[in-house]
Amino acid sequence: MSGGYVNLDNASLTGVSVAFVSKYIALEGGDGSGKSTVAVALATRIETDGGEVVMVREPGGTPLGEVVRGLLLDSDRLDDWAEVFLFAAQRAELAREVIAPALSAGKWVVSDRTYYSSIAYQGRGRGLGEDEVRAINEKGLDGVVPDHVFVLDVDPETALARQHAADRIGKEGVDFQEKVRAAYLGLAESEPDKVVVLDGSLPADKLVDLIAAVVL
Ligand code: TYD
């Protein structure tokens, strides 16, 4: 199964040529960027348009993922590489058990974060290397990767100020968030067909309009 392609069996049965559909949409951004609100609003818009949506969040989304979420976000401290592998482990299972089946069934997947968070936070923020962190994650994803990544870009000082309760990683502070932001901007430059930066200070419905114009 590769993310974003219609089910080959169904396509050949109905005699239609295999069309490319891009239904795996990811919301990304620094802490406090408002992506969770936009993810919900986007899912509602897709459903209004007649699509079926599966929403996922990372870390989380499977029983293992929710346990790992607790380890990742509530531990007092964690080794940096342990952090990378725990994020990648929960993500591999989520891809295989939830995302790939949803895409095969013709559903949309709207994800609150993906492995682009690991590239930005662990790769750049922790300084472990963006290429290394990307490679570790892609190994476990087996081609189930987002078709579109929308980064909600917000100035870190503003974003951190509007956060209610920061978790262990959210507490890293403004310098860390500046590195994360720089990583996202770099990803948008190197993958312009996939990664799009949006002004996260816009209202959620305006952001959904901009995303819908690309994906619907
Ligand atoms: P999230 O629940 O999305 O928090 P928020 O809504 O505050 O952004 O993510 C939890 C934290 O985990 C957040 O600080 C980002 C961090 N994170 C990583 O460092 N790497 C990752 O791969 C993911 C998915 C999240």
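The values are calculated or read from the model by the stated rules, or taken from the named source; none is laboratory data. Note that this is a predicted model, so its numbers are computed, not measured. Positions of Cβ are backbone-derived with ideal geometry, glycine not excepted, and every protein chain shown enters the neighbour counts.
General observations
- Taking the listed residues THR14, THR48, the one that is away from the ligand (no atom under 16 Å from the Cβ), modelled with pLDDT of 95 or more and exposed (fewer than 14 other Cβ atoms within 10 Å of the Cβ) is THR48, with no other qualifying.
- Conditions (1) within 22 Å of ILE119 (Cα to Cα); (2) assigned to a loop (DSSP other than H, G, I, E, B); (3) in contact with a strand residue (DSSP E or B) (Cβ under 7 Å, 6 or more places away or on another chain); (4) more than 10 Å from the ligand (Cβ to nearest atom): number failed by MET55: (2)
- Of all the listed residues (GLU189, GLU157), the sole one being modelled with pLDDT of 95 or more and either among the charged types (D, E, K, R) or touching a strand residue (DSSP E or B) at 6+ places or on another chain (Cβ under 7 Å) (or both) is GLU189.
- Whether a residue is crowded, with 16+ Cβ neighbours inside 10 Å, of a type in the set (Gly, Ala, Ser), more than 11 Å from the ligand (Cβ to nearest atom) and modelled with pLDDT of 95 or more was assessed, and ALA92 passes this test.
- Close pairs (6 angstrom Cβ cut-off, 6 or more residues apart or separate chains): closer than 21 Å to LEU94 by Cα in region 115-127, modelled with pLDDT of 95 or more and among the hydroxyl-bearing types (Ser, Thr, Tyr) anywhere: ALA120/TYR184
- Filter pass, VAL38 being assigned to a helix (DSSP H, G or I), within 12 Å of the ligand (Cβ to nearest atom) and crowded, with 20+ Cβ neighbours inside 10 Å: yes
- Total residues in region 78-100 satisfying the condition of being in contact (Cβ under 8 Å) with a residue 40 or more places away in the chain and more than 25 Å from LEU152 (Cβ to Cβ): the figure is 8.
- Of the residues screened, ALA43 is not one that is in contact with a Ser or Thr (Cβ under 8 Å, 6 or more places away or on another chain), farther than 20 Å from ASP142 by Cα and modelled with pLDDT of 70 or more.
- Residues that are charged (D, E, K, R), surrounded by 13 or more Cβ atoms within 10 Å (Cβ to Cβ), free of Cβ contacts under 8 Å to residues at least 60 places away in the same chain and within 11 Å of the ligand (Cβ to nearest atom) within region 140-199 comprise just one, GLU172.
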